[in-house]
Amino acid sequence: MPRKISLWEGFTIAVLTIIACVMLLPYVWMVLSSLKSNMDIVSGSGGFFPSKPSLDGYRTVFSEAPFVTWLLNSLVTSVIITVVTLFTSALAGYVFAKHQFKGKKLLFILILATMMIPFQVIMIPTYLITAELGLVNHLLAIILPNLVSSYGVFLAKQFIEEIPQELLEAARMDGSGEFRLMLRIVMPLILPMLSALGIFTFMNSWNNYLWPLIVLNDESKMTVPLALVYFNGTHQVNYNVVMSAAVLITIPVIIMFLIFQKQFIKGLAMTGMK
């Protein structure tokens, strides 16, 4: 028998539904605008829904720019950054949580301190180092500076500390090495946290605009966030094309969220309790 919803629960659900609809409104407007003509958007005469839905904006995106190449560039860089960040976060978190060494606290504090430094402060030194390495206008310039996350290290350490030491000792007695122990025992136990961290890392990498704008010059090396500026610049106020590109950019992130939805919510709830 279904449980009866109280008046307070019904009120809470209604308020949350209204807030969800308000938050979804810009995305719905973006999708609908991508189906309008540019004249309807500029003049505002077409109303909220397109009077004559058209896919011209999407055709322009694919015909007048190497958008598929940009998608692949973003996908490759985001996947590599996400996978390596998860590995380095788990590895460093395991070392800080379960091993003792000289200067451990000081080193961990220094790692945490990097979270307080805005990217704009280290932007120029990072660019100079990248230029010295000859990586400007190369996808490695996006990947290399983002392979380690201080937030990921902190989060992994907090979760790994909860793993009983007896479990790790038992694995060592069975002949498991440290690296195998981390891969086979530690990482599966912190999988919800890694899922949440993975989605956040992928989203940040996918939406990263400022750093690719600085280090990438060639059109064939661009990532999708730069596409919005590209269409703005070449087509001036061609809003339906910009909206079409924005819709296409958000699709991979939505797909990733839907695939890992359960792990993401579980990990988010657990990270909130830490």
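The values are calculated or read from the model by the stated rules, or taken from the named source; none is laboratory data. Computed from a predicted structure; not experimentally measured. Here Cβ is always computed from backbone atoms with ideal geometry, including for glycine, and neighbour counts include all displayed protein chains. Protein only, heavy atoms only, side chains kept; ligands, DNA and RNA dropped before computing areas. Shrake-Rupley method; radii C 1.70, N 1.55, O 1.52, S 1.80 Å.
How do the pairs read when you match residues in the stretch 129-152 that are under 19 Å from Phe108 (Cα atoms) with residues anywhere that are exposed (fewer than 15 other Cβ atoms within 10 Å of the Cβ) and of a type in the set (Ser, Thr, Tyr), using Cβ under 7 Å and keeping only pairs 6 or more apart or on different chains?
Listed by first residue and then by second, the contacts come to Ser150/Thr114.
Based on this model, can you work out whether Met243 counts as within 23 Å of Val84 (Cβ to Cβ) and touching a residue at least 12 places away in the same chain (Cβ under 8 Å)? Quick ask: steps written out before the conclusion?
Details: within 23 Å of Val84 (Cβ to Cβ): no; touching a residue at least 12 places away in the same chain (Cβ under 8 Å): yes.
Criteria not met by Met243.
Considering only the stretch 78-89, state which residues are within 15 Å of Gly152 (Cα to Cα) and open to solvent by less than 40 Å² (accessible area, probe 1.4 Å). Let's see the steps before the verdict.
Residues of the stretch 78-89 within 15 Å of Gly152 (Cα to Cα): 81-89.
Residues satisfying the conditions are Ile81, Thr82, Thr85, Leu86, Thr88, Ser89.
Take the residues in the stretch 1-39 that are among the charged types (D, E, K, R) and either assigned to a loop (DSSP other than H, G, I, E, B) or in contact (Cβ under 8 Å) with a residue 60 or more places away in the chain (or both); name whichever of them is nearest to Leu228 (Cα to Cα).
Taking the stretch 1-39 first, the residues among the charged types (D, E, K, R) are 3-4, 9, 36.
Among the residues that remain, those that are also either assigned to a loop (DSSP other than H, G, I, E, B) or in contact (Cβ under 8 Å) with a residue 60 or more places away in the chain (or both) are: 3-4, 36.
Numbers: Arg3: 48, Lys4: 48, Lys36: 17 Å.
The selected residue is Lys36.
Report whether or not Asn137 is open to solvent by less than 70 Å² (accessible area, probe 1.4 Å), closer than 16 Å to Asn204 by Cβ, modelled with pLDDT of 85 or more and not hydrophobic (A, V, I, L, M, F, W, C). If you could, list the steps in order and put the result at the bottom.
Working: open to solvent by less than 70 Å² (accessible area, probe 1.4 Å): yes; closer than 16 Å to Asn204 by Cβ: no; modelled with pLDDT of 85 or more: yes; not hydrophobic (A, V, I, L, M, F, W, C): yes.
In short, no.
In the stretch 115-130, what residues are within 21 Å of the chain's Cα centre (by Cα) and aliphatic (A, V, I, L, M)?
Residues satisfying the conditions are Met115, Met116, Ile117, Ile122, Met123.
Which condition from (1) open to solvent by less than 10 Å² (accessible area, probe 1.4 Å); (2) at pLDDT 80 or above; (3) part of a helix (DSSP H, G or I); (4) under 30 Å from Pro125 (Cβ atoms) is the one that Ala227 breaks?
Result: Ala227 passes all but (2).
Within the stretch 42-60, work out how many residues are hydroxyl-bearing (Ser, Thr, Tyr), under 16 Å from Val242 (Cα atoms) and not in a loop (DSSP other than H, G, I, E, B). Can you show your working first?
Filtering the stretch 42-60 down to residues hydroxyl-bearing (Ser, Thr, Tyr) leaves 43, 45, 51, 54, 58, 60.
Next, only the ones that are under 16 Å from Val242 (Cα atoms) stay: 54, 58, 60.
Those still in the list that are not in a loop (DSSP other than H, G, I, E, B) too: 58, 60.
Total satisfying the criteria: 2.
Sort through Leu75, Leu106, Leu128, Leu112 and tell me the only one that's surrounded by 15 or more Cβ atoms within 10 Å (Cβ to Cβ), out of contact with any Gly (no Cβ under 7 Å at 6 or more places or on another chain) and assigned to a helix (DSSP H, G or I). Spell out the reasoning first.
Details: Leu106 fails: surrounded by 15 or more Cβ atoms within 10 Å (Cβ to Cβ); Leu128 fails: surrounded by 15 or more Cβ atoms within 10 Å (Cβ to Cβ); Leu112 fails: surrounded by 15 or more Cβ atoms within 10 Å (Cβ to Cβ).
So the residue among Leu75, Leu106, Leu128, Leu112 that is surrounded by 15 or more Cβ atoms within 10 Å (Cβ to Cβ), out of contact with any Gly (no Cβ under 7 Å at 6 or more places or on another chain) and assigned to a helix (DSSP H, G or I) is Leu75.
Does Ala245 fit the bill of being small (Gly, Ala, Ser), at pLDDT 85 or above and within 22 Å of Val68 (Cβ to Cβ)?
Numbers: small (Gly, Ala, Ser): yes; at pLDDT 85 or above: yes; within 22 Å of Val68 (Cβ to Cβ): yes.
Against the criterion (small (Gly, Ala, Ser), at pLDDT 85 or above and within 22 Å of Val68 (Cβ to Cβ)), Ala245 qualifies.
Do any helices (runs of 4 or more DSSP H) lying entirely in the stretch 131-216 carry at least 3 residues that are within 26 Å of the chain's Cα centre (by Cα) and of a type outside the set (Gly, Ala, Ser), and which ones are they?
Per the criteria, 140-143, 150-160, 191-207, 210-215.
Those residues that are surrounded by 15 or more Cβ atoms within 10 Å (Cβ to Cβ) and farther than 12 Å from Val242 by Cα, I need them from the stretch 27-41; list them, please.
Leu32, Asp40
Which one of Phe67, Phe101, Phe96, Phe108 is farther than 30 Å from Pro188 by Cβ and among the aromatic types (Phe, Trp, Tyr)? Lay out the reasoning, then the answer.
Numbers: Phe101 fails: farther than 30 Å from Pro188 by Cβ; Phe96 fails: farther than 30 Å from Pro188 by Cβ; Phe108 fails: farther than 30 Å from Pro188 by Cβ.
The unique qualifying residue is Phe67.
Select from the stretch 42-72 the residues that are crowded, with 18+ Cβ neighbours inside 10 Å, in contact with a Leu (Cβ under 8 Å, 6 or more places away or on another chain) and hydrophobic (A, V, I, L, M, F, W, C) and write down the one among them that is nearest to Thr223 (Cα to Cα).
Trp70
Only one of (1) surrounded by fewer than 21 Cβ atoms within 10 Å (Cβ to Cβ); (2) touching a residue at least 40 places away in the same chain (Cβ under 8 Å); (3) closer than 16 Å to Tyr94 by Cα is not met by Asp218, so which one is it?
(3)
Checking Asn38 against (1) touching a His at 6+ places or on another chain (Cβ under 9 Å); (2) at pLDDT 90 or above: exactly one of these is not met. Which one?
(2)
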